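Undergrad: Take a look at the following structure, please.
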Amino acid sequence: MLTTTLLSACTVNLTDETGPNLAVNPPINLQTFEADVTRRGGVTIDGVTVALDGGATQPLTGVAVDGNGVGTWRADVSVAPCEELVSYRFSVDYSAPSSRTKVFPEEGSFVQPISGTDPLCDNVISASKTFTVNSYEDLPDGNPGDGFCNITNASNDGTCTLRAAVMEANARSGVDLIRVPTGRYTLTREKTGSAEADDTPEDAWGDLDITDSVAIVGIVGDSIHIGRFMQTQTSSVGPGGYLVPVVNFIDRPNSNNTFVKIDGGEIDRVFDIHVGSTDSGFAFFNKIAVLNGHINDRPGGGILNQGRLRLSRVAVYDNRLSQGSGGAGGVFSQNKGAGIANLGVLVAEELALVNNRILGTTGFAGALWANANSSATINNSLLALNQARFSGAIYVDNGEDGSAAGSVALTNTTVAYNSNSGSSNNAINNHGSLTLNFVTLVQNNRGGLASNAGSLSSVSNSLLANNGSNQDCDSGTVNSSGGNIIKDNGCTIDGAQLSPDLVDFSGSVIADSLRHQGGFTYVIPIRPPFDPSSSIIDPTDRISAAIPKPDFDQRGSGFDRAIDADGSGDAEMDPGAYEYSPR
């Protein structure tokens with residue numbers, strides 16, 4: 001049996017034990033899995049586990065069982081928000097008298113539709129009120145709640161700043177739409193004194209606090225991509241004449257009129273999302289850039305999400321965290337997530353998390369920090385050139401305080417050129433629940449993935465190669481459904497591999513520099529000549545049949561997943577975020 005309540009509310013409070021307390025109670029998409037177990041002969045049922053294809057593996061608890069383990073076993077497992085179907089299998093451990101395991105079903109998976117809708121997942125948002133920004137200044141609304149975005153009076157013919165529009169949306173119930181023309185909107189109203197270190201919502205000063213449902217949408221054409229307002233710096237010419245590696249990804253000069261840039265002005269972080277922390281409200285950002293946030297000794301340089309946030313075609317770049325003179329001190333500071341610190345529910349597609357940095361000798365996660373009791377689902381995205389002391393890209397926290405572990409799921413996503421100064425760390429450090437499907441994890445400076453004790457790491461159809469001084473899969477146990485290429489493996493590969501992984505091979509994987517070849521973000525193309533031992537192009541019967549397959553690669557519509565690239569007559573999928581085409 002599988003209950004089908006999507007994003008049901010929970011009341012577990014999150015508490016971070018490593019520094020000042022951070023408390024929210026976001027809704028988590030918990031699904032109940034139940035198995036009624038019988039036995040034959042004299043066997044004893046020792047345990048039951050449910051494995052989500054492409055997701056978590058979790059033991060069930062016997063809730064109504066006899067001394068032989070016969071009866072009902074049950075567990076609540078977090079499923080990614082916006083999922084429409086979930087497929088899963090049960091493993092039953094039993095003694096007869098030696099220990100054995102049987103998987104149900106023996107082939108394939110159980111599939112259950114998830115009913116119910118959640119406004120966070122809707123592609124059509126009905127706004128009760130629309131505000132259109134007409135000023136680049138950073139000034140507050142004259143009378144929040146009167147229904148008029150105006151810095152002076154109650155009328156529609158005055159100055160509507162971005163901050164004024166946010167204040168009006170916060171003061172009104174329902175979903176409001178804020179339309180923002182292209183340009184740079186720089187925050188200048190700096191908090192001072194005791195307010196500087198306080199994250200209590202105060203929408204007239206400091207960062208932009210979001211306390212009620214809102215959609216902030218840039219008035220930008222659909223053909224926009226990050227190369228229009230950002231540019232790469234490359235260092236040298238590599239094999240085949242390709243530029244490698246990328247040194248930096250910076251704001252493109254004279255590009256303010258090409259995109260909507262919301263600039264923190266280095267006075268604070270840029271956005272603090274509170275809506276949805278205790279209710280079903282949400283914030284939705286589309287076609288905007290979040291940059292130049294800077295904060296000391298607190299999480300989230302660009303965005304702190306304490307509620308429910310959806311991002312689509314959003315760039316979060318050039319944000320910073322640093323340790324202040326009176327900071328938390330030591331390596332366990334609150335400097336977490338220079339780009340995004342997620343304490344709630346995050347859903348993102350076509351997200352660019354680029355060049356976000358934690359300065360100094362402390363801090364976790366240059367791109368994304370996933371707190372305990374949080375959930376992040378990220379598709380068709382790029383995490384590149386981020387920097388931290390620990391975990392240049394992603395850090396997934398555990399639930400040692402009794403709350404659920406943090407959860408991150410990446411699909412069709414590139415994680416590359418991230419760096420961390422801690423020699424024993426990797427681009428991704430998982431202490432909670434992590435799912436990688438069709439992910440390219442390459443060219444990070446000190447290793448790819450570390451799956452720490454007690455964590456759940458599921459990797460399928462992904463490419464892990466050329467990740468610096470540590471191994472591509474550096475440590476711990478990884479649950480694999482198959483289809484992976486892991487060039488230098490130090491992990492224990494576990495799980496029902498319905499198609500084989502290729503690990504520890506001596507051949508070469510030639511990965512190009514970051515390039516724009518379609519879509520909103522950049523990709524790392526895999527270039528010829530191809531080493532036959534790698535089977536990286538059209539690997540026959542290698543891509544896992546158990547995992548849901550996207551129709552397109554990271555670049556989106558028009559870039560099909562199954563292409564006959566080797567001329568064999570069969571259209572096969574390649575591992576990683578990029579699908580090679582000879583055209």
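Undergrad: Ranked highest first by the average count of other Cβ atoms within 10 Å around their residues, in what order do 431-442, 88-99 fall?
TA: Values: 431-442: 27.5, 88-99: 15.5.
My ranking of the peptides, most packed first, is 431-442, 88-99.
Undergrad: Between region 456-487 and region 274-290, what is the separation of their alpha carbon centroids in Å?
TA: Spelled out, the Cα-based centre of one part sits 32 Å from the other.
Undergrad: So, in nm, how far is label N134 from label K191 when the simple model puts each one 7 Å beyond its Cα toward the Cβ?
TA: About 3.2 nm separates the two model spin labels.
Undergrad: Given labels modelled 7 Å from the Cα in the Cβ direction, how far is it in nm from N254 to E84?
TA: For N254 paired with E84, the spin-label model returns 4.6 nm.
Undergrad: Another one. If you add up the charges near D212, with Lys and Arg at +1 and Asp and Glu at -1, over every other residue whose beta carbon is less than 14 angstrom from its beta carbon, what do you get? If you can, show how the numbers build up before the last one.
TA: Working: positive: K129, R172, R308; negative: D141, E168, D176, D203, D209, D272, D279.
After counting each charged neighbour, the total is -4.
Undergrad: Between F110 and A453, 0.36 nm times their residue separation minus their Cα-Cα distance comes to what?
TA: Details: separation 343, 0.36 × 343 = 123.48 nm, distance 2.86 nm.
Between F110 and A453, full extension yields an extra 120.6 nm.
Undergrad: Here is a further query. Tell me, what % of the accessible area of region 88-181 is carbon and sulfur with a 1.4 angstrom probe? Before the final figure, lay out the partial values.
TA: Values: 2350 of 4840 Å².
Roughly 49 percent of what the probe reaches on region 88-181 is carbon or sulfur.
Undergrad: In the neighborhood of D146, defined by Cβ-to-Cβ distances under 12 Å, what is the net charge if each Lys or Arg adds +1 and each Asp or Glu adds -1?
TA: Values: positive: K129, R172; negative: D141, E168.
The answer is 0.
Undergrad: State which entries of K261/K549; K129/K336; K191/K336; K129/K287 exceed 27 angstrom in Cα-Cα distance in the structure shown.
TA: Details: K261/K549 34 Å; K129/K336 35 Å; K191/K336 21 Å; K129/K287 20 Å.
Those over the limit are K261/K549; K129/K336.
The values are calculated or read from the model by the stated rules, or taken from the named source; none is laboratory data. Given the structure is predicted, the values throughout are model-derived calculations rather than measurements. For neighbour counting, all protein chains shown are included, and Cβ atoms are generated from backbone atoms with ideal geometry for every residue, glycine included. The accessibility values were calculated without ligands, DNA or RNA, using every heavy atom of the protein model including side chains. Shrake-Rupley method; radii C 1.70, N 1.55, O 1.52, S 1.80 Å.
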